[in-house]
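Heads up, the thing below is written out as structure tokens.
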Amino acid sequence: TESKLSAVSLLVESAAMCDDDVRLQCVVPYLATLLSDGSSSVRCLALRALVQVMCSVQAIPPSDAKVFQDYVLPSLSLLPNDPEESVRVEYAAGIARLAAAAHLHLIRLQHASNLQQAAVTQRAADAAKTAANLAAAVRTVSDAEDKNADASQPQDPNGASQAKHPARTESEERSDGSAEWEQPPQQQQQQPQLPPQQQ
């Protein structure tokens, strides 16, 4: 028992000089196993140390976002009904601090998630704006190339003269004799001769 109490005290002092990853991955699991120890003094000290370590965590990574509801709080589920009154008193004193620490970390995680979502939305808007500007630039270059191509093509003089002089009407072509509009003479119809009437 004494060795366990000394080990817990040293572990808490070491956790104060470690980063959050070491606290969550190494210190907290060991303290959680001591909550079911046979000695009530060990359970009380382990609970006090667990609360102290969890309150000292500055930032919980997204991978351990549910460390309170999935690991820490379930490990304390048997302490409210502990046969030793000292353990129940320690639980009542520490659960409020754990709840406050969990609430603080939840707010931080939500804020970080909102910042990440805002950054993603901003990147998407910037990408859409860049694509629109690129499409407008491509259209401008294409229009300029079409105009240059039209300007570089030589004009057809025949086509220009035809454009200046519209097509003449049939009456004008008839008057200047440029077209033959005479119809072939109609053949005179011969009247059939009747045979002389016999007297």
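The values are calculated or read from the model by the stated rules, or taken from the named source; none is laboratory data. All values derive from a computational prediction rather than experimental measurement. Virtual Cβ from ideal backbone geometry, glycine too; neighbours counted across all protein chains shown. Heavy atoms of the whole protein, side chains included, go into the accessibility calculation; ligands, DNA and RNA do not. Shrake-Rupley method; radii C 1.70, N 1.55, O 1.52, S 1.80 Å.
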Inset, instruction - Give just the number: which of (1) over 23 Å from VAL27 (Cβ atoms); (2) at pLDDT below 80; (3) open to solvent by less than 90 Å² (accessible area, probe 1.4 Å) does ALA65 not satisfy? - result: (1)
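Which of the residues belonging to the stretch 72-90 are within 13 Å of VAL51 (Cα to Cα) and either touching a His at 6+ places or on another chain (Cβ under 7 Å) or open to solvent by 50 Å² or more (accessible area, probe 1.4 Å) (or both)?
Within the stretch 72-90, just LEU73 meets the criteria.
Is it fair to say SER63 is more than 22 Å from ALA93 (Cα to Cα), of a type in the set (Gly, Ala, Ser), under 39 Å from the mean Cα position of the chain (by Cα) and in a helix (DSSP H, G or I)?
In short, yes.
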Inset, instruction - Return yes when ASP20 is open to solvent by less than 50 Å² (accessible area, probe 1.4 Å), among the charged types (D, E, K, R) and in contact (Cβ under 8 Å) with a residue 40 or more places away in the chain and no when it is not. - result: yes
Legend entry - Among the residues listed as LEU50, LEU10, LEU5, the single one being surrounded by 18 or more Cβ atoms within 10 Å (Cβ to Cβ) and not β-branched (Val, Ile, Thr): LEU50
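Residues VAL57, VAL51, VAL27: which one is in contact with a Gly (Cβ under 8 Å, 6 or more places away or on another chain) and over 16 Å from GLU2 (Cα atoms)? Give the steps one after another, and end with the answer.
Values: VAL57 fails: in contact with a Gly (Cβ under 8 Å, 6 or more places away or on another chain); VAL27 fails: in contact with a Gly (Cβ under 8 Å, 6 or more places away or on another chain).
After applying the criteria, what remains is VAL51.
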Legend entry - Inter-residue pairs, beta-carbon under 6 Å, first free of Cβ contacts under 8 Å to residues at least 60 places away in the same chain and in the stretch 52-63, second of a type in the set (Gly, Ala, Ser) and open to solvent by less than 40 Å² (accessible area, probe 1.4 Å), 6+ apart: VAL53/ALA15; MET54/ALA101; CYS55/ALA101
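Do the conditions hold for ALA135, that is, is it open to solvent by less than 60 Å² (accessible area, probe 1.4 Å) and either without any contact (Cβ under 8 Å) to a residue 12 or more places away in the chain or hydrophobic (A, V, I, L, M, F, W, C) (or both)?
Numbers: open to solvent by less than 60 Å² (accessible area, probe 1.4 Å): yes; either without any contact (Cβ under 8 Å) to a residue 12 or more places away in the chain or hydrophobic (A, V, I, L, M, F, W, C) (or both): yes.
When the stated conditions are applied, ALA135 passes them.
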Legend entry - Filter result for ALA119 (at pLDDT below 85, in a helix (DSSP H, G or I), over 27 Å from ASP21 (Cα atoms) and open to solvent by less than 90 Å² (accessible area, probe 1.4 Å)): no
Legend entry - Contacts under 7 angstrom Cβ, first residue in the stretch 87-100 being more than 15 Å from GLN69 (Cα to Cα), partner small (Gly, Ala, Ser), 6 or more apart: VAL87/SER40
